[in-house]
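First up is the structure itself, then whatever we jot down about it.
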Amino acid sequence: MAIPKPHRTLFRTRYLFLILLLFYIIGCAEVPITHRQSLHLVPESDLLTMSFQQYNEVLKKSKLSTDQQTVQMIRNVGFKIAKAAESFLAEAGQSANIKNYKWEFNVIEDDKMVNAWVMPGGKAAVYTGILPYTQNETGLAVVLGHEVGHALADHGNERMSDALLAQMGGMALAAALSSSPQQTRQLFMTVYGAGATVGFLLPYSRLHESEADRIGLILMARAGYDPREAIPFWERMNKQEGKSRPPAFLSTHPAPETRIADIKKYIPEAIQYYKIPSK
């Protein structure tokens, strides 16, 4: 006996709901500080493998800066932020979240690209185009603290999980790579901001941005940088918003006026971790 069409539709809807619920239960993870539950369907081992491969490809295709003073400055700030992230998670009992990270900070010579990003596993790139806005080490700490904040919160995994559900029906990453390797790699690159080099960017949500701002302020404070300096940095970046073609950093990191107001609310929490460097 054939099942009536309305019943088949209802059955499929319930079946899909149960699958999505199962995905959520299995792939649920907690974001540091905010304790929000987020969806992580992509296994860390698969994510790190792809991250290391794609990072090496980006470096091969890019012109790396030969300005040793600039490179050393960025790496100095980057590793301070990384150390702060490791100690912060250790105190929270979440060291396992980044136990397989292999921090690396490289500078890409491109004065037209106002951007920076951190892939899973701690693989980071800073484009020279953002340096006029950072101006100094503290400005860099704002940027790298924010980007490492995205990594600690695993926002990329969450966005990629959403994209795999939406575009590939919840297909596992390994299966997606096998059936649609180019599409999946491109999805990975755009999710993590590295896709800026090819023109298409997948914006973070306001929720993700808020979490990254909050985590980033704490990380930079723990690393010895004044979190209050985040305000003038974002003010400098916001001046670009009204131009016809905003920097890639703003394309992936929307910066409305309310953002600075939110940052001001987070500063009292972050300032507790800041110790004024002794002279």
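The values are calculated or read from the model by the stated rules, or taken from the named source; none is laboratory data. What you see is a predicted model; the values in this text were computed from it and never measured. All Cβ positions, even for glycine, are placed from backbone atoms using ideal geometry, and neighbour counts span all protein chains on display.
Based on this model, can you work out whether residue 84 counts as out of contact with any helix residue (DSSP H, G or I) (no Cβ under 7 Å at 6 or more places or on another chain) and either surrounded by 13 or more Cβ atoms within 10 Å (Cβ to Cβ) or not polar (S, T, N, Q) (or both)? So residue 84 does not fit the description; no. None of 157, 136, 100 is within 18 Å of the chain's Cα centre (by Cα) and surrounded by fewer than 21 Cβ atoms within 10 Å (Cβ to Cβ) except 100.
In summary, residue 54 fulfils each of the numbered conditions (1) touching a Phe, Trp or Tyr at 6+ places or on another chain (Cβ under 8 Å); (2) at pLDDT below 75; (3) surrounded by 13 or more Cβ atoms within 10 Å (Cβ to Cβ) with the single exception of condition (2). Of the residues screened, residue 95 is not one that is touching a residue at least 60 places away in the same chain (Cβ under 8 Å) and surrounded by fewer than 19 Cβ atoms within 10 Å (Cβ to Cβ). Before we move on, is residue 30 at pLDDT below 90 and touching a strand residue (DSSP E or B) at 6+ places or on another chain (Cβ under 8 Å)? The answer is yes for residue 30.
Among the residues of region 67-102, those that are more than 21 Å from residue 136 (Cβ to Cβ) and among the polar types (S, T, N, Q) comprise 87, 94, 95, 97, 100. Has region 103-115 got at least one residue that is closer than 25 Å to residue 46 by Cβ, modelled with pLDDT of 95 or more and part of a loop (DSSP other than H, G, I, E, B)? Yes, region 103-115 has at least one match. Residues that are buried (at least 16 other Cβ atoms within 10 Å of the Cβ), within 18 Å of the chain's Cα centre (by Cα), under 20 Å from residue 221 (Cβ atoms) and in contact (Cβ under 8 Å) with a residue 40 or more places away in the chain: does region 32-44 have at least one? Yes, because at least one residue in region 32-44 is buried (at least 16 other Cβ atoms within 10 Å of the Cβ), within 18 Å of the chain's Cα centre (by Cα), under 20 Å from residue 221 (Cβ atoms) and in contact (Cβ under 8 Å) with a residue 40 or more places away in the chain.
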